[in-house]
Amino acid sequence: MKKIFSRPESLKDNPFHYCPGCGHSIIHRLVSEVIDELGIKDRTIGVPPAGCAVLAYNYFDVDMCEAPHGRAAAVATGMKRILKDRVVFTYQGDGDIAAIGTAETIHAANRGERITAIFVNNAVYGMTGGQMAPTTLVGQESTTTPGGRLPVRDGYPLDLSAMLGLAAGSAYIERTTVSNPKGIMRTKKAIKKAFETQLEDKGFALVEILSPCPTNWKMSPKDAARWVDETMTKIFPLKVIKDVA
Amino acid sequence: MSGKTLMRGTHVLGEAAIRAGCRAYFGYPITPQNELPEYMASKFAKMDDAVFVQAESEIASINMVIGAAAAGARAMTSSSSPGISLKQEGISYLAAMELPAVIVNMMRGGPGLGNIAPAQGDYFQATRGGGHGDYRVITLAPAYGQEIADMARQAFDLADHYKTPVMILGDGMMGQMMEPVEFPDPVDLATLPRKEWIVNGSKGRASRTILSLWLDPPKEEELNWRLARKYEMISEDIPDQEMYLTDDAEFVIVAYGTAARIAKGAVHRVRESGMKVGLYRPKTLWPYPSKALKGLCEHVREFLVFEMSMGQMVEDVRLAIEGQRKVSFYGRPGGVVSTPEEVAAILSSAYNSKTN
Amino acid sequence: MSLKIIFSGFGGQGVLMMGYVLAVAGMKEDKHVTFLPAYGAEVRGGTANCTVVVSDEEIASPIASSPEFVVAMNYPSMIKYQNMVKSGGTMFLNSDLITEVPAREDINVIKVPANTLAHEMGSDRSLNMVMLGAVREITDIVSGKSISLAIETVLEGKKQKLVDMNQKAVTVGVDFILGSK
Ligand SMILES: Cc1ncc(C[n+]2csc(CCOP(=O)(O)OP(=O)(O)O)c2C)c(N)n1
Ligand code: SF4
């Protein structure tokens, strides 16, 4: 019988430093489970971001190589071009992938790089203390949007995944959530498919995962999860954005 | 009762910048300076004539500064070490286009992602230009809360006067620490000298261009000569330093910023045991206050340079002394902050090894 | 005179406010002061601490490697700082949350039941100012009047009731020390 709560092999036995109710912990576990299930632990290389997941190398028991803030897709490109038979994934926050790293990400997708991007969208800059992210919702409070995000001043939430779907080189893009059990199951399926897309040499793959940040949203874990389900999904609807099949 | 307030360094810088007439701020979050953009966001939200943009990267934010400066605003950006590396391209353009701007670097431990503790590893980057090409950046190094306020005002004035980028080089601790400060009255923007070179639409005048491309080498050479003459003038005009107990000193410790505060504490302790030591603290790092330092050679036997790095400013000290005196070095890199006791021990043993 | 003091506890105990009020009080006496809050990753996990230096001379370093005084509002803080206190220095313990004492013979220990005293005066949240009152009475770093003025400055624009409550809490801390002498 399969034990549900056993630790995946690809996850080190280190306690997470993430806040209670943070989506990063769940997503780490899902990615590890998928790596285990696909049997690719010994040929997978991860590229962690600058962000709350900067210490991801303390958790993933696979080879990891840090990238400067936002440049993970470029670092992963260089790596994958050399190591064609290996599996390369990036793990990035919304600030990392959709602000400072927009150019690298769009061009990696457009070149059809055979990499897998795990994009954790928590609508804020977690690590630096809750500033506006490119994905912050209109009206949402952050430490750099006094009175809430105001479009004339701060612009609108950016739907990077939709943009990436337009790139000819992208093969699979899906948006999911880890704010409820059903979403978590769906997320795992999507992560698996994103890795398979790379293994099948189809093109660039990305899963955008809506993820609670109770700390910077100043909510309880329960309220944060509910906010994802009820509010965030309105602006970032859960769906398969692209699947070349 | 004095008009002092207890404020953290990042907020002091923001408030002083606004009072100096800063009306454009562009930045990108990075610890340990996030409270500065946050302060600017909250203040500028209540001001009609001021612009705050959280950019998508440090590269974007420095380029926004170029635009605002060219349009005539007193513009500022801030970051910490990794972000300042990204700004270097833009700073080179600012220098070439002769645009005034203020750049704040609250240094942290490096290289690479490093850490968020206070450090002084970006001295070379700040004082040698930092980006590509033949240029310099005026670099001011505050050590106290009040000096952060004073230098913020000075930075905008120098930038406008010389039409050149000015950097305020602090560190993570300075940004977080609160000290009492007194602010000057805000400048009246209308009283600032008019900028006759900005691009704001050519209505009623011939059109202007601000650029850095000079395809014809003699033209580019001309720009370089003009910049060189400007830098020479700056080097004559603005070098500044604090000399503490140096009048009768036989041995002098040289340090800037946070390291200088610690060095001063060390000087105190060492003086108590009768050793004649003093502190030389550069307040401008470029141009380096070399003349006054060299002048000390008349009665100072030896110098010890203390930095929170593996030794960068020490090269400027050696250049200034021109081999006349021994210059030794003590450094703690990586975000480690020495205690005054630790530096005092180094200082007194260096002092005694010379005497013996 | 130069005194260094570390305030430490968990978020929500008003630890930073304690240090801030003390630093403002020092400033009101025209002393040199620095206030250094912990920042960044150091504050993850819900702990809070800050270092205050009050001095007659210019302050070299705002960091305290061997502070004269440490205020521990919870048990982990006592464990973290007990070995740092300068020999002959004093550790203040919130005895409502800390039942043990530091494993040192060469420092003084002052136990203040800050939660209980705050509760008895009808303002649970004022435990920080109760503790600050005790600290003031033992250390004499700044005058009681300066603390009182500092509270007014720090809470400027807030309700008078809140100012009164905080000032009263300081008195409760002072009286506790006077009563136990
Ligand atoms: C060049 C550079 N600029 C800024 C930073 C500071 N920084 C670290 S993480 C981060 C953003 C974090 O937000 P996000 O990517 O959304 O991830 P989260 O922490 O929310 O998971 C920033 C701005 C840096 N490390 N490097
Ligand atoms: S700050 Fe937010 S994103 Fe970062 S660990 Fe905490 S909950 Fe997670």
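Note down all Cβ pairs under 6 Å where the first residue falls in the stretch A:204-225 and is in contact (Cβ under 8 Å) with a residue 24 or more places away in the chain, the second is among the charged types (D, E, K, R) and away from ligand 2 (no atom under 12 Å from the Cβ), and they're at least six residues apart or on different chains.
A:Phe204/A:Glu113; A:Val207/A:Glu174; A:Glu208/A:Arg175
Just for strands (runs of 3 or more DSSP E) wholly inside the stretch A:80-195: which have at least 1 residues that are more than 14 Å from every other protein chain (Cβ to nearest Cβ), within 15 Å of ligand 1 (Cβ to nearest atom) and closer than 28 Å to A:Ser32 by Cβ?
Qualifying strands (runs of 3 or more DSSP E): A:87-93, A:116-121.
Just for the stretch A:12-42: of the residues that are within 14 Å of ligand 2 (Cβ to nearest atom) and not in a helix (DSSP H, G or I), which one is farthest from the other protein chains (Cβ to nearest Cβ)?
Result: A:Gly21.
Looking at the stretch B:25-51, which of its residues are within 10 Å of ligand 1 (Cβ to nearest atom) and without any contact (Cβ under 8 Å) to a residue 40 or more places away in the chain?
Selection gives B:Pro29, B:Asn34.
What residue, among those in the stretch C:31-44 that are away from ligand 2 (no atom under 14 Å from the Cβ) and within 7 Å of chain B (Cβ to nearest Cβ), is modelled with the lowest pLDDT?
So, considering only residues that are away from ligand 2 (no atom under 14 Å from the Cβ) and within 7 Å of chain B (Cβ to nearest Cβ), the one modelled with the lowest pLDDT is C:Tyr39.
Listed residues B:Gly114, B:Gly83; which is part of a loop (DSSP other than H, G, I, E, B) and within 14 Å of another protein chain (Cβ to nearest Cβ)? Outline the logic, then answer.
Details: B:Gly83 fails: part of a loop (DSSP other than H, G, I, E, B).
Step by step, each of B:Gly114, B:Gly83 is checked, and only B:Gly114 is part of a loop (DSSP other than H, G, I, E, B) and within 14 Å of another protein chain (Cβ to nearest Cβ).
Here is a list: A:Val228, A:Val207. Which entry is part of a strand (DSSP E or B) and either within 16 Å of ligand 1 (Cβ to nearest atom) or more than 22 Å from A:Ala133 (Cα to Cα) (or both)?
Criteria check complete, one pass: A:Val207.
Could you look through the stretch B:52-95, keep only residues that are in contact (Cβ under 8 Å) with a residue 60 or more places away in the chain and within 16 Å of ligand 1 (Cβ to nearest atom), and pick out the one that is nearest to B:Ala24 (Cα to Cα)?
B:Ser78
Taking the stretch A:60-96, which residues are more than 27 Å from A:Glu200 (Cβ to Cβ) and within 16 Å of ligand 2 (Cβ to nearest atom)? Steps first, answer last, please.
The initial filter retains those residues of the stretch A:60-96 that are more than 27 Å from A:Glu200 (Cβ to Cβ), namely A:66, A:68-70, A:93-95.
Across the stretch A:60-96, the qualifying residues are A:His69, A:Gly93, A:Asp94, A:Gly95.
Yes or no: B:Met106 touching a Gly at 6+ places or on another chain (Cβ under 7 Å), surrounded by 23 or more Cβ atoms within 10 Å (Cβ to Cβ) and in a strand (DSSP E or B)? Give the steps one after another, and end with the answer.
Values: touching a Gly at 6+ places or on another chain (Cβ under 7 Å): yes; surrounded by 23 or more Cβ atoms within 10 Å (Cβ to Cβ): yes; in a strand (DSSP E or B): yes.
For B:Met106, the condition - touching a Gly at 6+ places or on another chain (Cβ under 7 Å), surrounded by 23 or more Cβ atoms within 10 Å (Cβ to Cβ) and in a strand (DSSP E or B) - is met.
What is the residue count in the stretch A:41-72 for residues that are away from ligand 1 (no atom under 13 Å from the Cβ) and among the hydrophobic types (A, V, I, L, M, F, W, C)?
Residues of the stretch A:41-72 away from ligand 1 (no atom under 13 Å from the Cβ): A:41-47, A:57-65.
Next cut, among the hydrophobic types (A, V, I, L, M, F, W, C) only: A:45, A:47, A:60, A:62, A:64-65.
Residues flagged as away from ligand 1 (no atom under 13 Å from the Cβ) and among the hydrophobic types (A, V, I, L, M, F, W, C) within the stretch A:41-72 amount to 6.
Let me spell it out: the conditions are (1) touching a Gly at 6+ places or on another chain (Cβ under 9 Å); (2) assigned to a loop (DSSP other than H, G, I, E, B); (3) assigned by TED's automatic domain parsing to the domain that holds B:Ala95, and B:Arg208 meets all of them except one. Which number is the exception?
(1)
I'm trying to understand the selection: among the residues of the stretch B:1-37, which are in a helix (DSSP H, G or I) and either within 14 Å of chain A (Cβ to nearest Cβ) or of a type in the set (Phe, Trp, Tyr) (or both)? Outline the logic, then answer.
From the stretch B:1-37, those in a helix (DSSP H, G or I) are B:9-19, B:35-37; that's our starting set.
Matches in the stretch B:1-37: B:Thr10, B:His11, B:Gly14, B:Glu35, B:Leu36, B:Pro37.
The values are calculated or read from the model by the stated rules, or taken from the named source; none is laboratory data. Source: prediction; values computed, not measured. Ideal geometry is used to build each Cβ from the backbone, glycine not excepted, and the neighbour counts take in all protein chains shown.
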